[in-house]
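The values are calculated or read from the model by the stated rules, or taken from the named source; none is laboratory data. Source: prediction; values computed, not measured. Positions of Cβ are generated from backbone atoms using ideal geometry, with glycine treated the same way; all protein chains shown enter the neighbour counts. Calculation scope for accessible area: heavy atoms of the full protein, side chains included, ligands and nucleic acids excluded. Shrake-Rupley method; radii C 1.70, N 1.55, O 1.52, S 1.80 Å.
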Amino acid sequence: MKLAKKIYVAGGGAAGMCAAIYAARNGAEVTIVEKNTVLGKKLSMTGNGRCNLTNLDMKPEYYNADSRGRMKEWLSTYGVEDTIAFFKSLGVVVKSEDGYIYPVSGQATSVVKALENEIKRLGIQVIFDQQVKAVKSSSPDKAILVTDKAQYEADAIILAMGGLSGAKTTMSTGDGYYICKNIGMNIKDTYPALVGFKVSENEIMPSAGVRAAAEVSFILGAEVVATEYGEIQLSKDGISGIPVMQASREVIRYIEDGKPVFAMIDFFPDYDDTDFKALKSDMLRLKDDRTLEEFLQGFANSGITDMVLGRMKLSRTMKMKNISVSMAECILDNYRALKLQLASSYGYQASQVTTGGVSLGDIGSDFSCSSMRNVYCAGELLDVDGRCGGYNLQWAWTSGSIAGCASSL
Ligand SMILES: Cc1cc2nc3c(=O)[nH]c(=O)nc-3n(C[C@H](O)[C@H](O)[C@H](O)COP(=O)(O)OP(=O)(O)OC[C@H]3O[C@@H](n4cnc5c(N)ncnc54)[C@H](O)[C@@H]3O)c2cc1C
């Protein structure tokens, strides 16, 4: 009779729990070693507490450039349909909101609970409050997982310790990077991604938060690095919101490397040049006794107007009749191209995912490490990051399931 394989999973987040379940379903004897005192801490915070599990619109292009070549194969091995079927097998009913998949419960905690129940049902052991420090090989087909309190011998080890992104309580301290480096793997430089940006100190920003539909382009020299559309958020010290977070994956390297990157915001993205010219002509008909404030009141959000007038050093009490046509046009043009210099990101703790990590060049199709074939990597630890919208959790499910199955064969 073949003995059950002994598998240790380092990290009980989305990828680790998924890997453990697939390995145990294949008959392996599985133990999760988790540094926190709970499983799935970050998972319970996802999607504003609602957990955007995956997305029906799934394409390799929605992941970082270095991973796209291999995402096609991985997503065809384990994709959206597999994720939905997996959660169905755990009793989690899902719903689509324009292709964005959420649990019908509307609670990320229900997803964590369902995974925990399956872990319990399969007899997977969970060791809490132990920090994995290293992996070593003991013989050609055994590996040792070293923690701050013990050493465990295994037939296979799955490293799923996440990255550096998320609140302190998520324990995202990037431990997996040095563990993988110590076994000879290459680590691509890491940066926070899906994050907002602080603007340069001398930029004039609204005194209270503003949300507005806009197109935002990120510019480095003459190059437009990324353009996104959606609801942006402006605060006293920076810009955020979904379009900014989406673009952050493309521009973060330049900003963190100290390059001068500007955000160019168009608050009238639905107008082409001809429409906007016509809009300006209509507005200029109101150039009479009213003040500048009265003139702009119905044109845009007052917080944005504060920024535009502040930057142009214009008083809101000026009479429109005293402002030249070209100056009035120039004021209105500012709402089409408000330029802000970015200073830095809001950092790892405010970010949703880490870009960079364990190089995919050191990972086989089954997620085994080239330097130690019975050690596997999964999840955010790897150099894979996706857009907002369920793509990062899909990566956790895809890499976790494939690593869990392969390690237990
Ligand atoms: C606020 C927020 C919202 C998000 N919303 C979404 C969303 O709606 N949809 C989406 O697709 N993605 C979302 N993400 C991203 C998503 O949460 C991550 O991509 C995903 O959790 C990564 O899974 P992981 O298992 O690789 O890492 P993690 O979930 O970070 O899990 C890693 C685990 O390893 C443990 N660990 C770390 N070091 C050690 C060690 N040395 N020893 C033992 N254990 C260790 C940690 O405690 C943790 O439990 C969000 C992220 C954040 C921060």
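Please list Lys133, Lys149 in order of solvent-accessible area, largest first, computed with a 1.4 Å probe with all protein chains present. Provide the component values of the computation, followed by the final result.
Details: Lys133 85, Lys149 125 Å².
Listed by decreasing accessible area, they come as Lys149, Lys133.
Could you identify which residue out of Val94, Val104, Val251 has the top mean-square fluctuation in a GNM of the chain using Cα springs shorter than 10 Å?
So, out of Val94, Val104, Val251, the one fluctuating most is Val104.
Rounded to the nearest 0.05, what FRET efficiency do Glu73 and Asp333 have when you use their Cβ-Cβ distance and R0 = 35 Å?
Numbers: r = 48 Å, r/R0 = 1.38.
The computed FRET efficiency comes out at 0.15.
Could you tell me whether the range 193-238 comes out rounded, prolate or oblate from its Cα gyration tensor? Rule is a ≥ b ≥ c as square roots of the eigenvalues, rounded for a/c under 1.5, then prolate if a/b exceeds b/c, otherwise oblate.
Working: a/c = 1.97, a/b = 1.32, b/c = 1.50.
The shape class here is oblate.
What is the P(r) of the range 148-303, as percent of Cα-Cα pairs per 10 Å bin from 0?
Reading upward from the zero bin: 9, 26, 27, 18, 10, 6, 3, 1, 0.
Note down the nm distance, to one decimal, between modelled labels 7 Å out along Cα→Cβ at Asp289 and at Asn48.
4.5
Relative contact order of the range 192-330: what whole-number percent is it, with Cα pairs under 8 angstrom and at least 6 residues apart?
Here the relative contact order equals 25 percent.
Using the per-residue mean of other Cβ atoms lying within 10 Å as a proxy for protection, in what order, highest first, do the peptides 75-88, 35-48, 342-355 fall? Walk me through the numbers before you get to the answer.
Working: 75-88: 16.4, 35-48: 18.6, 342-355: 21.1.
The packing order, highest mean first, is 342-355, 35-48, 75-88.
How high is the relative contact order of the range 356-409, in percent, with contacts defined as C-alpha pairs under 8 Å that are six or more residues apart?
Working: 61 pairs, mean separation 19.3, N = 54.
Value for the range 356-409: 36 percent.
Given the pairs Lys142/Lys188; Lys142/Lys168; Lys59/Lys88; Lys6/Lys168, which are separated by over 26 angstrom at their Cα positions? Numbers along the way, then the final one.
Details: Lys142/Lys188 28 Å; Lys142/Lys168 34 Å; Lys59/Lys88 23 Å; Lys6/Lys168 31 Å.
Cα-Cα > 26 Å for Lys142/Lys188; Lys142/Lys168; Lys6/Lys168; rest within.
Of the DSSP beta bridges with both residues in the range 15-145, give the percent that are antiparallel, rounding to the nearest 5. Provide the component values of the computation, followed by the final result.
Details: 10 of 13 bridges.
Bridges in the range 15-145 that DSSP calls antiparallel: roughly 75 percent.
Let me check against my output: what whole-number percent is the relative contact order of the chain, with C-alpha pairs under 8 Å and at least 6 apart? Walk me through the intermediate numbers first.
Working: 903 pairs, mean separation 102.2, N = 409.
It rounds to 25 percent for the chain.
If I model a spin label at Ser324 and Asp98 as a point 7 Å from the Cα along the Cα→Cβ vector, what separation in nanometres do I get?
According to this spin-label approximation, the distance is 4.3 nm.
Kirkwood Rh, the range 263-348, all Cα pairs: how many Å? Walk me through the numbers before you get to the answer.
Details: mean 1/r = 0.0724 Å⁻¹.
Every distinct Cα pair counted, the radius reaches 13.8 Å.
For the range 315-388, what is the convex hull volume of the alpha-carbon atoms per residue, in Å³? Don't jump to the answer; show the numbers that get you there.
Numbers: hull volume 12.5 nm³, N = 74.
Hull volume normalised by residue count: 169 Å³.
Loop only by DSSP, 13 or fewer other Cβ within 10 Å of the Cβ. Give me the GluC sites (Glu not before Pro) in the range 188-221 that pass, ordered by residue number. Numbers along the way, then the final one.
On the way: sites: Glu201, Glu203, Glu215; in loops: Glu201, Glu203.
For GluC sites (Glu not before Pro) across the range 188-221 that sit outside H, G, I, E and B with at most 13 neighbouring Cβ atoms in 10 Å, the list reads Glu201.
So, how do all the Cα-to-Cα distances of the range 25-78 break down into 5 Å bins, in percent, from 0 on up?
Final binned percentages: 4, 13, 14, 13, 19, 22, 14, 1.
Which distance in nm do the two modelled labels at Lys259 and Ser370 give, with both placed 7 Å along the Cα-to-Cβ direction?
Label at Lys259, label at Ser370, 2.7 nm between them.
Obtain the radius of gyration and the Kirkwood radius of the range 136-228 from its C-alpha atoms and give Rg over Rh.
Working: Rg = 21.5 Å, Rh = 18.2 Å.
Radius of gyration relative to Kirkwood radius: 1.18.
In units of 2.2 N^0.38 Å, what is the alpha-carbon radius of gyration of the range 7-161?
On the way: Rg = 16.5 Å, N = 155, 2.2 N^0.38 = 15.0 Å.
With N residues counted in the range 7-161, Rg over 2.2 N^0.38 Å equals 1.11.
Is the shape of the chain best called rounded, prolate or oblate, per the rule: a/c under 1.5 gives rounded, else a/b larger than b/c gives prolate, else oblate, with a ≥ b ≥ c the square roots of the Cα gyration tensor eigenvalues?
Since a/c reaches 1.5 and a/b is larger than b/c, the shape of the chain is classed as prolate.
Computed over the Cα atoms of the range 211-335, what is the convex hull's projected area averaged over all directions, in nm²?
Working: hull surface 32.8 nm².
For the range 211-335, the mean projected area of the Cα convex hull comes to 8.2 nm².
Multiplying the sequence separation of Glu153 and Asp282 by 0.36 nm and subtracting their Cα-Cα distance, what value in nm do you get?
Working: separation 129, 0.36 × 129 = 46.44 nm, distance 7.60 nm.
The Glu153-Asp282 span can extend by a further 38.8 nm.
Under the 0.36 nm per residue contour assumption, what length would be gained going from the current alpha-carbon distance of Lys6 and Glu223 to full extension? Can you show the working numbers first?
Working: separation 217, 0.36 × 217 = 78.12 nm, distance 5.22 nm.
Contour length minus the Cα-Cα distance gives 72.9 nm.
Using a 1.4 angstrom probe and counting only protein chains, how large is the accessible area of Tyr8 in Å², to 10?
Roll a 1.4 Å probe over it and Tyr8 shows about 20 Å².
Given R₀ = 22 Å, what would the calculated FRET efficiency be for Gln107 paired with Glu61, taking r from the Cβ atoms and rounding to 0.05? If you can, show how the numbers build up before the last one.
Working: r = 31 Å, r/R0 = 1.40.
Computed FRET efficiency for Gln107 and Glu61: 0.10.
In nm, what is the difference between 0.36 nm times the number of residues separating Leu90 and Lys181 and their Cα-Cα distance? It would help to have the intermediate numbers written out before the result.
On the way: separation 91, 0.36 × 91 = 32.76 nm, distance 3.52 nm.
That works out to 29.2 nm of additional length.
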